[in-house]
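Scroll down for the structure; my scribbles are underneath it.
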């Protein structure tokens, strides 16, 4: 974990903060385990923000691919509406 750049740490914190990004995706991309992500969040967040985040993600199925039953890449629902670098008009 010591070989992470400040940009990597910022990206990991952002991915961990998102509800839909599983810890497994962070581990595949950066090689950082769930416990290391939790430690990284604790170091880089205010104590109250960390506590709020920890309560929110603890046991959440979307943060653990094995619990959610979804494996693979996450795809946003809006992604199918993006073509030729333009966002289609929403209906």
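Take segment 25-44 and flag every residue that is part of a loop (DSSP other than H, G, I, E, B) and either on the phi < 0 side of the Ramachandran plot or under 13 Å from the mean Cα position of the chain (by Cα) (or both). Working first, answer last.
Of all residues in segment 25-44, those part of a loop (DSSP other than H, G, I, E, B) come to 31-33.
Passing the criteria: 32, 33.
Give me the residue from segment 1-24 that is under 12 Å from the mean Cα position of the chain (by Cα) and not in a helix (DSSP H, G or I) and, out of that set, surrounded by the most Cβ atoms within 10 Å (Cβ to Cβ).
Across segment 1-24, the extreme among qualifying residues is 22.
How many residues does segment 29-86 contain that are at pLDDT below 85, over 17 Å from residue 19 (Cα atoms) and surrounded by fewer than 10 Cβ atoms within 10 Å (Cβ to Cβ)?
Here the count works out to 6.
The values are calculated or read from the model by the stated rules, or taken from the named source; none is laboratory data. Nothing here was measured: the structure is a model prediction, and the numbers come from that model. Please note: Cβ atoms are built from the backbone with ideal geometry, for glycine as well, and neighbour counts cover all protein chains shown.
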